[in-house]
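The values are calculated or read from the model by the stated rules, or taken from the named source; none is laboratory data. In this text the structure is predicted, and so the values were computed from the model without any measurement. Heads up, the Cβs are rebuilt from the backbone with ideal geometry, glycines too, and the neighbour counts pull from every protein chain shown.
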Amino acid sequence: IANVFFSIPLAAECRPQFAFTWRGDQHTWKQLPQGWKHSPTICHGLIQTALEQGKAPEHLQYIDDIVIWGNILEEVFEKGKKIVQILLKAGFAIKQSKVKGPAQEIQFLGIKWQDGRRQIPMDVINKIT
């Protein structure tokens, strides 16, 4: 999803909570601000709701990252197409360069998945140990 936080409008009555001053001028966010601690949770929930209401095929979602799977190429294409249609209908913009697959091997949230098995790459392990 393209610029996902900035695609979620804040209710007018909530905007004063997000006021800030920059170079002597007061401004306020009109969209969900990046960096606010609750933005990921709100974003995840809105996308999850859209996918549930649109009866999305089986998938795994973390905020705006979504992975789908299937037994054959055509199944994965159809599931992906359905999820993209649901998100577009819900008002989200899709950045086509971010849409990947289908593939035999993927990396999702730092974990490498291949043939139904997961593997944590050594560079990820080294960062957390």
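The sole residue among P40, P57 that is surrounded by 13 or more Cβ atoms within 10 Å (Cβ to Cβ), under 12 Å from the mean Cα position of the chain (by Cα) and closer than 27 Å to I106 by Cβ is P40. The number of residues in segment 1-25 being exposed (fewer than 15 other Cβ atoms within 10 Å of the Cβ) and touching a residue at least 60 places away in the same chain (Cβ under 8 Å) comes to 2. Selection of first residues in segment 90-113 that are under 17 Å from E78 (Cβ atoms) and of second residues that are of a type outside the set (S, T, Y) and part of a loop (DSSP other than H, G, I, E, B), restricted to Cβ pairs under 7 Å at least 6 apart or on distinct chains, gives the following pairs, ordered by first then second residue: I94/I1; I94/A2.
Within this structure, I83 fails the test of being under 21 Å from S39 (Cβ atoms), touching a residue at least 12 places away in the same chain (Cβ under 8 Å) and surrounded by 12 or more Cβ atoms within 10 Å (Cβ to Cβ). Quick check on K127: is it basic (K, R) and either within 15 Å of the chain's Cα centre (by Cα) or at pLDDT 90 or above (or both)? Considered against the rule, which asks whether it is basic (K, R) and either within 15 Å of the chain's Cα centre (by Cα) or at pLDDT 90 or above (or both), K127 comes out as no.
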